[in-house]
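So the structure is just underneath, and the comments pick up after that.
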Amino acid sequence: MLRSGAGHPDAGQSEASTSRQLSPEEEAQRLYATLNEYLLLEHKAQPRLCLPNESENGEVTTGARDGAAHVLRCLKVWFDLPADVLINAISLFDRFLTKMKVRPCHVPCITVSCMNIALEQYAADTDTKRSISVEELVSISQSACTAGDVIRMSRVIVDKLSLVTGCRTSTVLDWLRLLRAMLRLHADQCAIVLPPSCQEEELVQLLEIVCCDAACVNTRTSELALVLLYYKLEQQLAESLAAAEESGTIPEHAYYLYDFARQLQLHCHMCDTTLAHARARVRHVLSRYERCEARRDQRQRLVWRLSERTLKVLRPTDRLTSLLPTIEEQHFAVDATPTRTRSGSESSENEETSDWPRSPVLPVYCDN
């Protein structure tokens, strides 16, 4: 659990800026103090999932876990939520599945409940009013559960994970922001411009992609954050080396940030073997995501399948037909008037609609 002000590495800086500006030495001391606090509490928020690829005895599979993570990300995009809510909800989901053995039918309710708890915690941390109700979460997620089910399941999750109001554990997003703040401070001290690829928005987007994949769920949170920084720094180093081959000189500052990331690895007691495995998993997930993005244009368009009852409510089509009766032309003399036999018991409406098909036929609209 974090003390007040340690949730975000920029929190202390924003509060101190109102009184006085911190010197680089004081800022470094504050960041390293937060880093040591994160290290002490890292094991409490570390999930240890062991999910099968295929369900044999009604167990939750890795595919079901990834599906729940993508549902959480869809809710984040739909409601335009910050990344803190999504990462915290995924962490709660993984930690709950680590402690409890659940049935696949309960996964949708657990997913929405984790998002509900994450919204509550974010409102408490930022001292803001919650704008999304439980009913809206249930309606948009289409989880086939009620708001009462989500509230009861939220209480179970809070109880099993021993969550305390106003206190939360550090997530991988907190680690990423902290390590990036330390890297930015080191770059300022060395008079180096931080690479554009290390912007927080791009790093957070990569983190969302990685957290939604079960391959990286058991990776240490500090290692996962550092691997993402390594991933961006390696890209910048490769670009610098490619530019140096043309000019013939290799800039020394290209290695400064990479060396500082190595110092962070040693400070956090990260093994080279486990860090290499984490880097391999992250590279595999990101490369697979990039291949899927490259094939986006080849995907089939979304088709909505509606029932016949819903279709009639949206647009009555019970009297539409693709075939129209042929109108035969009859020539009569001017004086001659055709005789009609009218029946007193039958209505004209029944005569006109008696031969129309009763099954709905949808009209086809062309672009031309």
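Observations on the structure shown:
Okay, residues lined up against (1) over 10 Å from the mean Cα position of the chain (by Cα); (2) closer than 18 Å to residue 171 by Cβ:
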{"residue": "71", "(1), (2)": "no, no"}
{"residue": "88", "(1), (2)": "yes, yes"}
{"residue": "96", "(1), (2)": "yes, yes"}
{"residue": "102", "(1), (2)": "yes, no"}
{"residue": "113", "(1), (2)": "yes, yes"}
{"residue": "120", "(1), (2)": "yes, yes"}
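- The residues of segment 102-142 that are outside any helix (DSSP H, G or I) and either touching a residue at least 40 places away in the same chain (Cβ under 8 Å) or of a type in the set (Asp, Glu) (or both), listed by number, are 102, 103, 127, 132.
Yes/no per residue for (1) of a type outside the set (Gly, Ala, Ser); (2) assigned by TED's automatic domain parsing to the domain that holds residue 142; (3) surrounded by 24 or more Cβ atoms within 10 Å (Cβ to Cβ); (4) closer than 15 Å to residue 214 by Cβ:
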{"site": "83", "(1), (2), (3), (4)": "no, yes, no, no"}
{"site": "94", "(1), (2), (3), (4)": "yes, yes, no, yes"}
{"site": "108", "(1), (2), (3), (4)": "yes, yes, no, no"}
{"site": "113", "(1), (2), (3), (4)": "no, yes, yes, no"}
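- Within the span defined as segment 53-63, one or more residues are assigned to a helix (DSSP H, G or I) and either under 22 Å from residue 270 (Cα atoms) or not β-branched (Val, Ile, Thr) (or both).
- Test: residue in segment 15-35 that is at pLDDT below 55, among the polar types (S, T, N, Q) and under 19 Å from residue 176 (Cβ atoms): no
- Single residue of segment 172-230 satisfying the filter (closer than 20 Å to residue 257 by Cα and of a type in the set (S, T, N, Q)) that is modelled with the highest pLDDT: 222
- Subset of segment 187-228 (residues that are over 12 Å from residue 173 (Cα atoms), among the aliphatic types (A, V, I, L, M) and either part of a helix (DSSP H, G or I) or not assigned by TED's automatic domain parsing to the domain that holds residue 276 (or both)): 187, 209, 214, 215, 227
- Number of positions in segment 144-169 that are in contact with a Ser or Thr (Cβ under 7 Å, 6 or more places away or on another chain) and of a type in the set (Ser, Thr, Tyr): 1
- Any chance residue 151 is at pLDDT 95 or above, part of a helix (DSSP H, G or I) and surrounded by fewer than 16 Cβ atoms within 10 Å (Cβ to Cβ): yes
- Contacts under 8 angstrom Cβ, first residue in segment 33-56 being of a type in the set (Val, Ile, Thr), partner part of a loop (DSSP other than H, G, I, E, B) and buried (at least 18 other Cβ atoms within 10 Å of the Cβ), 6 or more apart: 34/6; 34/9
The values are calculated or read from the model by the stated rules, or taken from the named source; none is laboratory data. Computed from a predicted structure; not experimentally measured. For neighbour counting, all protein chains shown are included, and Cβ atoms are generated from backbone atoms with ideal geometry for every residue, glycine included.
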